[in-house]
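Engineer: This is the structure, below, for whatever I ask next.
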Amino acid sequence: MNNLNIALVHYPVLNKLGEIVTTSVTPFDIHDISRSGLTFGVRSFYIVNPSQKQKEVLDRISKFWSSGIGKEYNETRSQAFEITKFAYSIDEVKQNLINEYNGNIKLVATTAKDIKSDKSISIDELRGIKNTTPLLILFGTGWGLTPDIISNCDYIMKPIKGISDYNHLSVRSAVSIILYLINNQI
Ligand code: SAM
């Protein structure tokens with residue numbers, strides 16, 4: 001069974017003022033991350049949002065592209081949705097994965113910030129761990145995952161660095177780069 005799972009977290013995340021908020025589902029995040037996920041061997045891509053209305057938005061998008069006109073129009077987009085799921089909370093995702101992997105799952109937080117912690121881990125180290133241990137990698141929306149969520153994960157991934165001091169990637173770019181690097185050494 002593939003060990004790689006990812007979640008796009010819409011709650012709890014920070015806003016610009018550092019407050020804890022719920023963000024809305026962004027359709028192009030879902031399309032793009034589903035495609036990257038399927039390309040790089042992700043088993044489940046969870047969209048985490050506590051709102052029933054937001055679940056309905058995802059259901060509508062997913063239904064459109066997985067059947068009828070949408071499927072006919074763009075078969076590869078429809079295929080990508082095979083890994084895409086909804087959950088109301090991170091705990092729900094964790095519980096689903098605990099059931100699927102018989103209890104063995106490690107959570108990994110991602111952030112653009114350098115966080116000093118003994119949970120800090122490089123992507124090279126994670127690549128090794130993934131061969132034996134199921135992982136759930138959490139990605140933020142808004143202004144990123146909350147400090148509590150980050151510190152409660154088993155690992156905090158060291159941020160991707162570019163060649164300038166700027167490293168605030170869109171979540172879609174961050175997912176693609178991380179999924180590539182966790183599968184391939186460069
Ligand atoms: N509204 C933004 C967008 O358009 O994508 C959402 C920004 S959200 C804070 C970006 C998320 O991508 C972060 O929470 C983190 O999960 C990931 N991310 C961004 N830059 C990163 C980096 N340099 N290293 C690791 N993860 C990063």
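The values are calculated or read from the model by the stated rules, or taken from the named source; none is laboratory data. What you are looking at is a predicted structure, and each value in this text was computed from that prediction instead of being measured. Positions of Cβ are backbone-derived with ideal geometry, glycine not excepted, and every protein chain shown enters the neighbour counts. Each accessible area value is taken on the protein alone, full model and side chains, heavy atoms only, with ligands, DNA and RNA left out. Shrake-Rupley method; radii C 1.70, N 1.55, O 1.52, S 1.80 Å.
Engineer: Quick one: what pairs do we get from the range 109-120, first residue under 16 Å from Tyr166 (Cα atoms), second part of a loop (DSSP other than H, G, I, E, B) and within 14 Å of the ligand (Cβ to nearest atom), C-beta under 6 Å, 6+ apart or different chains?
Structural biologist: Hits for this filter: Thr111/Gly144; Ala112/Pro159; Ala112/Asn167; Ala112/His168.
Engineer: Here's something else I'd like to know. Applying the selection to the range 141-151, what residues are closer than 14 Å to Lys116 by Cα and either near the ligand (Cβ under 10 Å from one of its atoms) or in contact with a Leu (Cβ under 8 Å, 6 or more places away or on another chain) (or both)? So that I can check it myself, show each step before the final result.
Structural biologist: Residues of the range 141-151 that are closer than 14 Å to Lys116 by Cα, as a first pass: 147, 150-151.
The answer is Ile150, and nothing else.
Engineer: Going by the conditions given, is Lys116 more than 12 Å from the ligand (Cβ to nearest atom), among the charged types (D, E, K, R) and assigned to a loop (DSSP other than H, G, I, E, B)?
Structural biologist: Working: more than 12 Å from the ligand (Cβ to nearest atom): yes; among the charged types (D, E, K, R): yes; assigned to a loop (DSSP other than H, G, I, E, B): yes.
Criteria met by Lys116.
Engineer: Please pick out the residue among Tyr166, Tyr101 that is among the aromatic types (Phe, Trp, Tyr), open to solvent by 40 Å² or more (accessible area, probe 1.4 Å) and out of contact with any Phe, Trp or Tyr (no Cβ under 8 Å at 6 or more places or on another chain).
Structural biologist: Working: Tyr101 fails: open to solvent by 40 Å² or more (accessible area, probe 1.4 Å).
Criteria check complete, one pass: Tyr166.
Engineer: Name the one entry in Glu82, Glu75 that is open to solvent by 50 Å² or more (accessible area, probe 1.4 Å), under 21 Å from Leu179 (Cβ atoms) and acidic (Asp, Glu).
Structural biologist: Values: Glu75 fails: under 21 Å from Leu179 (Cβ atoms).
Only one candidate qualifies: Glu82.
Engineer: Then there's this: The conditions are (1) within 15 Å of the ligand (Cβ to nearest atom); (2) open to solvent by 20 Å² or more (accessible area, probe 1.4 Å), and Leu38 fails exactly one of them. Which is it?
Structural biologist: For Leu38, the failing item is (1).
Engineer: So, in the range 152-186, of the ones that are part of a loop (DSSP other than H, G, I, E, B) and more than 12 Å from the ligand (Cβ to nearest atom), which residue ends up modelled with the lowest pLDDT? Can you show your working first?
Structural biologist: Within the range 152-186, the subset part of a loop (DSSP other than H, G, I, E, B) is 153-154, 158-170, 184-186.
Those still in the list that are more than 12 Å from the ligand (Cβ to nearest atom) too: 154, 163, 184-186.
Working: Asp154: 98, Ile163: 95, Asn184: 86, Gln185: 80, Ile186: 77.
Restricting to residues being part of a loop (DSSP other than H, G, I, E, B) and more than 12 Å from the ligand (Cβ to nearest atom), the top hit is Ile186.
Engineer: Are any residues in the range 1-20 buried (at least 17 other Cβ atoms within 10 Å of the Cβ) and not aromatic (Phe, Trp, Tyr), and if so, which ones?
Structural biologist: Quick first cut of the range 1-20, residues buried (at least 17 other Cβ atoms within 10 Å of the Cβ) only: 3-14.
Hits for the range 1-20 are Asn3, Leu4, Asn5, Ile6, Ala7, Leu8, Val9, His10, Pro12, Val13, Leu14.
Engineer: Select from the range 121-159 the residues that are more than 14 Å from the chain's Cα centre (by Cα) and under 23 Å from Val21 (Cβ atoms) and write down the one among them that is surrounded by the most Cβ atoms within 10 Å (Cβ to Cβ).
Structural biologist: Among residues in the range 121-159 that are more than 14 Å from the chain's Cα centre (by Cα) and under 23 Å from Val21 (Cβ atoms), the one surrounded by the most Cβ atoms within 10 Å (Cβ to Cβ) is Thr146.
Engineer: Cβ-Cβ under 8 Å, sequence separation 6+ or interchain: first residue in the range 18-42 and more than 13 Å from Ile83 (Cβ to Cβ), partner part of a strand (DSSP E or B). Which pairs?
Structural biologist: Hits for this filter: Ile20/Val13; Ile20/Leu14; Val21/Val13; Val21/Leu14; Thr22/Val13; Thr23/Val13; Val25/Ile47; Asp29/Leu8.
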